[in-house]
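To start, the structure itself, in structure tokens.
The values are calculated or read from the model by the stated rules, or taken from the named source; none is laboratory data. Nothing here was measured: the structure is a model prediction, and the numbers come from that model. Cβ placement follows ideal geometry from the backbone for every residue including glycine, while neighbour counts extend to all protein chains displayed.
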Amino acid sequence: MSISAPQPESGRSTAAGSSVTDEPSVTDELVAANQGYASGFTDPGMDARPVRRVAIVACMDARLDLHAALGLELGDCHTIRNAGGVVTDDVIRSLTISQRALGTRSVVLIHHTGCGLLDLTEDFRHELELEVGQRPSWAVESFRDLDQDVRQSVERVRTSPFLLHRDDVRGFVFDVTTGLLREVAPA
Ligand SMILES: [Zn+2]
């Protein structure tokens with residue numbers, strides 16, 4: 001069985017990456033939008049250290065607008081996102097740099113309802129291996145219980161020897177239908 005996502009009808013890409021239609025690709029649209037953004041942009045004069053000294057680890061889900069949902073402004077925070085908002089070794093790498101080189105102290109972890117990882121299992125890796133002939137080195141990190149995975153993620157941060165600040169770590173589930181955060185009680 002194929003584990004590839006179905007492709008939309010329009011704007012299909014060839015193997016070389018060019019569009020089979022003359023319509024602009026989404027990337028072309030983004031680049032055009034950037035022209036408008038830059039034309040109204042003034043240098044905010046910030047350095048790289050987040051103003052509110054917080055790093056947020058969240059799922060990459062398209063329905064989760066972290067800045068709007070949390071009242072954040074440009075320059076306020078680090079945002080570290082991946083599939084699931086899972087605290088992987090690479091997230092620990094980013095948090096370590098965030099705290100040790102760029103001065104953040106607080107960590108906020110955000111999972112959400114309706115996450116794609118709830119529908120996957122570690123079989124995903126096996127199916128990938130059957131399809132491409134190579135087993136990925138990474139774990140899928142799928143989960144069945146959102147709260148339990150948030151608690152595990154909090155624990156991974158709290159027990160990392162690389163981090164300077166492990167006292168202010170809190171985990172939440174964002175409801176994509178109400179926009180509300182719900183805090184997950186520690187284990
Ligand atoms: Zn998700």
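For residue 156, indicate whether it is closer than 17 Å to residue 57 by Cα and part of a strand (DSSP E or B).
The answer is no for residue 156.
Please specify each residue of the stretch 47-58 satisfying the condition of being closer than 17 Å to residue 92 by Cβ and either out of contact with any strand residue (DSSP E or B) (no Cβ under 8 Å at 6 or more places or on another chain) or within 16 Å of the ligand (Cβ to nearest atom) (or both).
56, 57, 58 - these are the residues of the stretch 47-58 that are closer than 17 Å to residue 92 by Cβ and either out of contact with any strand residue (DSSP E or B) (no Cβ under 8 Å at 6 or more places or on another chain) or within 16 Å of the ligand (Cβ to nearest atom) (or both).
Identify all residues within the stretch 70-89 that are away from the ligand (no atom under 16 Å from the Cβ) and either of a type in the set (Gly, Ala, Ser) or surrounded by 14 or more Cβ atoms within 10 Å (Cβ to Cβ) (or both); write none if there are none.
70, 71, 72, 75, 76, 77, 78
Restrict the check to the stretch 176-187 and report whether at least one residue is under 21 Å from residue 71 (Cα atoms), touching a Ser or Thr at 6+ places or on another chain (Cβ under 8 Å) and surrounded by fewer than 13 Cβ atoms within 10 Å (Cβ to Cβ).
yes
For residue 120, state whether it is surrounded by 15 or more Cβ atoms within 10 Å (Cβ to Cβ) and either at pLDDT 95 or above or farther than 20 Å from residue 147 by Cα (or both).
When the stated conditions are applied, residue 120 does not pass them.
Among all residue pairs at least 6 apart or on different chains, which show Cβ distances below 9 Å where the first residue, located in the stretch 103-126, is free of Cβ contacts under 8 Å to residues at least 40 places away in the same chain and the second is among the basic types (Lys, Arg) and more than 9 Å from the ligand (Cβ to nearest atom)?
These pairs meet every condition: 118/144; 121/144; 125/135; 126/135.
Picking from 168, 175, 145, which residue would you name as being at pLDDT below 95 and among the charged types (D, E, K, R)?
The conditions single out 145.
From the list 126, 67, exactly one residue is modelled with pLDDT of 95 or more and either within 12 Å of the ligand (Cβ to nearest atom) or on the phi < 0 side of the Ramachandran plot (or both). Which is it?
The conditions single out 67.
I'd like the residue in the stretch 93-123 that is in a helix (DSSP H, G or I) and of a type in the set (A, V, I, L, M) and, out of all such residues, is nearest to the ligand (Cβ to nearest atom).
Per the criteria, the residue is 117.
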